[in-house]
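Each reported figure results from applying straightforward, stated rules to the coordinates on display, with no laboratory input. These numbers come from a predicted model, not from an experiment. Glycine gets a Cβ as well: all are built from the backbone with ideal geometry, and neighbour counts include every protein chain shown.
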Ligand SMILES: Cc1ncc(COP(=O)(O)O)c(C=O)c1O
């Protein structure tokens, strides 16, 4: 026991001494130390103190099939033994990525025709912006450079995607956003709807602003509009009625490519294969990652429409190769894992479970939490949900960011044995449990959150 404690202490010391953690305050880490996750199985992780804690956020919106699945370990091991790695530049390929692309094409929106593989959500978005630029240069429209994104959105943390991200914390102290980005309104009716304004009127106001921004900038200078079908890290925000159809029309009218970032929503999270299916919208380009390998291998897949591909095809005569790619593009091990993930999604009816158990999650959250004086809104779709905490819900006054209420609430949940993600920029708490979560698990999640809220 003592030896174990010493091991833990030395791990903590080594962590503090050597690791620069993502999205972590250095001084907080020095004070509190890291939280070391020892192992994980199913929908539970085991922490450094040997506690089993329910993983209510599927790692980071990605461990969709639960942790520690032997079939995925086996798929990975087989792939390593057969072909551990070879690059895919200059026309090289491998069986796993070929089969994976073939399977993906059966489930993505039918206007998408080709896929580009990478290793993260950020690189998928980055790739699509570069394709949008080359597409426009090739069509003789080189001034189409700018990309419209929404405040409160999250698209990654590379220099370009942090610029697209609409959270100011990701800009400050980094000379960002770069000036190719134009940010537009947050499509969140509960927080931004005006007194007496209906949801449909709210949507129209946002669409009018978008049209005005395009007119002011000049459509000839705008390459693309990017958005998550349902915003994730910015607050789990489903769009208001008619929003995506309206955005699509404006994009079409102005010759602007519509990029949907399905990095969180894709592969079943919201109860459909892709988030776009809820909103009758067809992207010209689509970014995916996370759930494609259920989080166990870093992989992304960026899709483009046939129309975009046709232009890129012609451009390749002029520009030669598409001068873009990553060492790990089309990685045979990642592709083998993704193929197995797609098989499990189908066999275990994972998307159906996300839809029906997700509906149950929302029902239970409403029943238990909606009347709480500090719960203003419960929102989301499928197994993606957020609980909006408000200082005064009748007057719609949010808590001060400095009070760090979501972080305190997340700690209180952890004490009850539940991981829920604080979303400080909006004052909410997110839930996105693995898509294998059962109704019984939902009861546990909601009970634990209810107790944490009561104690807080
Ligand atoms: C919607 C969305 N897009 C892009 C990303 C960036 O993905 P990554 O962290 O793999 O670069 C994320 C990450 O959470 C995301 O939620």
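Our summary gives the stretch 73-347 a relative contact order of 30 percent, counting only alpha carbon pairs under 8 angstrom and 6 or more residues apart. With the simple model of a label 7 Å out from the Cα in the direction of the Cβ, residue 48 to residue 139 spans 5.3 nm. Shown is the FRET efficiency for residue 194 and residue 81, computed with R0 = 51 Å from the Cβ-Cβ distance and rounded to the nearest 0.05: 0.25. First check a/c for the stretch 121-247, with a ≥ b ≥ c the square roots of the eigenvalues of its C-alpha gyration tensor; if it is under 1.5, answer rounded, and if not, answer prolate when a/b is larger than b/c or oblate otherwise. Oblate. By its C-alpha gyration tensor, with a ≥ b ≥ c as the square roots of the eigenvalues, how is the stretch 336-376 shaped: rounded for a/c under 1.5, else prolate for a/b larger than b/c, else oblate? Cα axes put the stretch 336-376 in the prolate bin. Take every DSSP beta bridge whose two residues both sit in the stretch 73-347; close to 45 percent of them are antiparallel. Hey, what number do you get for the chain at 222 nm if only DSSP H runs of n ≥ 4 count, each worth -39500 (n - 2.57), divided across all residues, to the nearest 500? About -13000 deg cm²/dmol. With the simple model of a label 7 Å out from the Cα in the direction of the Cβ, residue 403 to residue 348 spans 4.0 nm.
Taking the fewest neighbouring Cβ atoms within 10 Å as the starting point, the ordered list for 327, 293, 272 is 327, 272, 293. For the stretch 55-119, the spread of Cα coordinates along the three principal axes comes to 40, 35, 18 Å, biggest extent given first. For the pair residue 31 and residue 454, a Förster radius of 30 Å applied to the C-beta separation gives a FRET efficiency near 0.60, rounded to the nearest 0.05.
Highest-first packing order for the peptide set 83-96, 221-234, 66-79, 17-30 is 221-234, 66-79, 83-96, 17-30, based on the mean count of other beta carbon atoms within 10 Å. Counted residue by residue at 0.36 nm each, then reduced by the alpha carbon distance between them, the extension gain from residue 371 to residue 439 reaches 22.3 nm.
For the pair residue 318 and residue 130 in one chain, pulling the backbone fully straight at 0.36 nm per residue adds 66.0 nm over the alpha carbon distance. Comparing Cα centroids, the stretch 17-61 and the stretch 169-187 end up 29 angstrom apart. Here the label points at residue 39 and residue 20, each 7 Å from Cα along the C-beta direction, are separated by 3.4 nm in the simple model.
Does the chain come out rounded, prolate or oblate by the C-alpha gyration tensor, with a ≥ b ≥ c the root eigenvalues, rounded set by a/c under 1.5 and, if not, prolate when a/b is larger than b/c and oblate if not? It comes out oblate by the Cα gyration axes. For a Förster distance of 30 Å, can you work out the FRET efficiency between the beta-carbons of residue 211 and residue 280, rounded to the nearest 0.05? Once rounded, the FRET efficiency stands at 0.90. Averaging the sequence gap over all C-alpha pairs within less than 8 Å and six or more residues apart, then dividing by the number of residues, gives the stretch 247-367 a relative contact order of 27 percent.
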